[in-house]
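The values are calculated or read from the model by the stated rules, or taken from the named source; none is laboratory data. Keep in mind the model is a prediction, meaning the values are calculated, not measured. Neighbour counts run over all protein chains shown; Cβ positions are idealised from the backbone, glycine included.
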Amino acid sequence: MQQLVYEIDPGDKVELNSRFGSTSLAHKCLLLVPAIAGAILHAPLYGLAKLIVQSFFSDTDHHDSVMLGILLLTYPAYIALIAVLAWITFAPLYAIILLLALRLPRTLM
């Protein structure tokens with residue numbers, strides 16, 4: 001277990017970068033566009049789930065578990081709704097690309 005845990009002082013940036021590396025500014029800027037698109041795309045579902053949890057489950061200690069359950073149960077329907085709206089609004093090809101783009105991060109994990 002000792003080999004799996006790194007003890008690095010909080011101010012030791014050299015050791016931190018040698019162990020884990022650093023991300024370049026270009027890489028961060030490149031990932032900024034899909035990160036913003038994902039945040040905007042998922043904000044309505046998250047906001048609605050958060051509103052439901054705060055309204056009905058704020059007095060319990062398990063509000064985070066309820067939030068996770070709501071998101072896990074509603075996410076497939078939300079993705080299907082987005083795909084149908086993209087199919088109707090744009091074209092079938094864009095809907096397929098959108099479905100693949102939304103599915104890709106989960107397959108990489």
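Exactly one residue among 51, 73, 16, 4 is within 23 Å of residue 98 (Cβ to Cβ) and not acidic (Asp, Glu), and that residue is 73.
Within the stretch 19-44, being farther than 20 Å from residue 98 by Cβ and small (Gly, Ala, Ser) holds for 21, 22, 24, 26. Counted as qualifying within the chain are the helices (runs of 4 or more DSSP H) with 2 or more residues that are modelled with pLDDT under 85, exposed (fewer than 13 other Cβ atoms within 10 Å of the Cβ) and β-branched (Val, Ile, Thr), namely 63-89.
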